[in-house]
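See below for the structure under consideration.
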Amino acid sequence: MERAAYERLRWRSIRRGLLEVDIALTRFLDEEFGKLSEAEQQAFAELADYEDLELWHLISGQAECEDARLAPIVAMLRKS
Amino acid sequence: MNIPVLKFDAVIVGAGGAGLRSAIQLSEAGLKTAVLSKVFPTRSHTVAAQGGVAASLGNSEEDHWRWHMYDTVKGSDWLGDQDAIEFMCKKAVEVVVELEHYGMPFDRTDNGKIYQRPFGGHMSNFGEKPVRRSCAAADRTGHAMLHAMYQRNVKANTQFFVEWMALDLIRDSEGHVVGVTAMEMETGQVVIFHTRATIFATGGAGRIFHSSTNAFINTGDGLGMAARAGIPLEDMEFWQFHPTGVAGAGVLITEGVRGEGGILRNNSKERFMERYAPNAKDLASRDVVSRAMATEIKEGRGCGPNKDYVLLDITHLDPATIMKRLPGIREISIQFAGVDPIKEPIPVVPTCHYQMGGIPTNYAGRVIVPDNGSFDNVVPGFYAAGECACASVHGANRLGTNSLLDLLVFGKSAGDSAVEDLKNGKAHRDLPANAADYSLSRVAAIDSRKGGSSVAEARLAIQRTMQDHAGVFRFNDMLKKGAAQILEVEKQVLNLEIKDKSQVWNTARMEALETENLIEVAKATMISAEARKESRGAHVRDDAPDTPEFPNGRNDKEWLKHTIWHRDGNKIEYKPVNLNPLTVETVALKTRSY
């Protein structure tokens, strides 16, 4: 991912309404994001566009991800 | 340098609840209105508000705004201004009904009215018995509010500038506010918003503390900008804390954990609450538990390498009970504390939640400053609402669900005041020469500095200093040390260096600019807290204990007054509390007990 696109994604991931999501996505970007394939990085970017509550419900296991492309990233977010 | 100038009737900085509510008033009045936000509006921190919004609708049982007013004054420990409190409690019904008309999906009763639930501190008949006053939309009240108000703004043609960060207020030689400078993150371009009205709705600054429930965006940008422009900050020593946030993360562990048998332990595994509250032990009230935790940490009995947290132990509970009665706690604990609470205790610490003080305003949302012996001098062109403002309705302690009410009522009144002030069609006042120079020089310094301090380290130094010296329970010696230490940390903040020198999407630069705002709030808080020698509401000092002469440590004879902190020289002055409501008799001083 080129620098500006990554930085934009980073800002959108770590400046959220909910602290829980801020922390979970910061950690994921710092520790896991670099290891992902381009398609997986794209899937993460799509998830980062979700509303805060929606995303938190997915990460905390209160909801299941119905999009098969995004579900593996959700699983990784839960573990990280 | 040639800086682009965008001309609007009004600019609102912040697109959370207060900003969106103000913008509706301005745009619907036909004024050309811009809203700047670091994030997309529905991602503002208002989204985290779950409890509801207080209004004495009386849908479930008899209620009255005067009872709500009484609860708010009492909650504030009599530091709230009673004119503003009357205004807010009276207006509550109107703003909630308006919100419903904007499409807010409030929970409903069987007969279709807004359903109201009970909430701590909401009482009927002047403190007699609990009353159902909170209006909510399931557990997503803040989220639903943001959506309803954002849609309304889109319809009213409010212009949103998303992922823009305001940098500084622009004031002319007579002190009028004539706009702000702001940076578009995507380009790194600094722009002047030249306006006739500027409204700050930038939220709280809970990130000054190491343990905070606030999202990362809550860096007190409005407070930093106001302070740098010579506007003092009011009652900044008052911050609401929650006893059990995950140490280091701030994510809340519900009080239900102690209700189910959770035990707090210090570094020798001692159940220390037995010493502080022999009967209630771990189930003692929020403030008693918070103070006991802070005392253990202060006296060296905290856990971990820095001895800066205690442990919340549920390992003795049946795992099935934990899973059934405390859903989500295991996940939160694993995710944010890195421990499985079935096997290991959870590190917890009293955690900052809400800022009661802020930019001083009257109940019309106009910013007011001291001058010539009066404290009510309006700063022309400048308004503030929501958590960044201090009207003051929360005084020394906020009543639950009054935060959403605050942003609706004062967001609206700030908008209305701006509409009224602009209705004569007055032209824009001239921009001062080189209006953007101050901001440009701040940005250039950060961009070009070599051998300076790291942003992450400076921010951590602020947060550690605040947490250790001005936390939930305050000690004279620590406050004194903290006041000296925060000025040392300021030197670090004035010397920030970033490695990334890119022009576009430079998040390191944004974080440096945020840190320059945090330090202003941190200084205001520490210095105001050190100066106030009594205990009141959320400001509790070890050396101002509960005595017959001063119940709860509150000393009305000397300290029934608002703190006004000036950035220039860290000067403090005090302004009287307004004990006179608008139309009813005063809520007379009394000891605050529940």
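Derivation of every value follows stated rules applied to the coordinates shown; laboratory data play no part. No experiment lies behind these values; they were computed from the predicted model shown. Backbone-built Cβ (ideal geometry, glycine too); neighbour counts: all protein chains shown.
Of note:
- Scaling against 2.2 N^0.38 Å puts the C-alpha radius of gyration of the protein assembly as shown at 0.91.
- Assigned charges on the beta-carbon of Lys, Arg, Asp, Glu; region B:437-571 dipole about Cα centre (debye): 160 debye
- In region B:91-143, chymotrypsin sites (Phe, Trp or Tyr not before Pro) in a DSSP loop with at most 16 other beta-carbon atoms within 10 Å: B:F126
- Each Cα pair under 8 Å and six or more residues apart adds its sequence gap; the mean of these over the residue count of region A:3-79 is a relative contact order of 29 percent.
- Listed residue (B:M88, B:V504, B:M104) projecting farthest to the positive dipole end of the protein assembly as shown, Cβ model: B:M88
- Where only DSSP H runs of four or more residues are counted, chain B gives -10000 deg cm²/dmol as its mean residue ellipticity at 222 nm, each run worth -39500 (n - 2.57).
- Theoretical gain in end-to-end length, B:A277 to B:D110 [0.36 nm per residue, Cα-Cα removed]: 55.8 nm
- Applying 0.36 nm per residue to the separation of B:K423 and B:D340 and subtracting their alpha-carbon distance, the gain on full extension is 23.8 nm.
- GluC sites (Glu not before Pro) within region B:104-179: DSSP coil, no more than 13 neighbouring Cβ in 10 Å: B:E128, B:E174
- Dipole orientation for region B:60-184: of the candidates B:V177, B:F126, B:M165, B:F126 has the Cα lying most toward the positive pole (charges on Cβ; Lys, Arg +1; Asp, Glu -1).
- Two-site FRET efficiency, B:N306 against B:T254, from Cβ-Cβ distance with R₀ of 30 Å, rounded to 0.05: 0.75
- Ranked list, fewest to most other Cβ atoms within 10 Å of each Cβ, for B:H316, B:H64, B:H122, B:H210: B:H316, B:H64, B:H210, B:H122
- DSSP bridge orientation in chain B - percent antiparallel, rounded to nearest 5: 65 percent
- Relative to the Cα centre, the charge distribution of the protein assembly as shown, modelled as +1 at Lys and Arg Cβ and -1 at Asp and Glu Cβ, gives a dipole magnitude of about 480 debye.
- Sparsely packed GluC sites (Glu not before Pro) within region B:476-559, loop by DSSP, other Cβ within 10 Å at most 16: B:E549
- Share antiparallel - DSSP beta bridges, the protein assembly as shown, percent rounded to 5: 65 percent
- Set of region B:80-123 residues, backbone N closer than 16 Å to the point 7 Å along the Cα-Cβ line of B:D376: B:81-87
- Calculated FRET value between B:K557 and B:R286, using beta carbons and R₀ = 35 Å, to 0.05: 0.80
- Virtual spin-label span in nm between A:R69 and A:Q42, 7 Å along Cα→Cβ: 0.6 nm
- Charged side chains reduced to their Cβ positions (Lys and Arg at +1, Asp and Glu at -1) give region B:51-138 a dipole of some 200 debye around its Cα centre.
- Long hydrophobic helices in chain B: the complete DSSP H runs spanning 20 Å or more by Cα along their own axis with mean Kyte-Doolittle hydropathy of at least -0.5 are B:82-101, B:402-422, B:455-469, B:476-493, B:507-531.
- Distance in nm between pseudo-label sites at B:L460 and B:N570 (7 Å out along the Cβ direction from Cα): 2.4 nm
- Rough spin-label spacing in nm, given labels placed 7 Å along Cα→Cβ, for B:D172 and B:Y594: 4.9 nm
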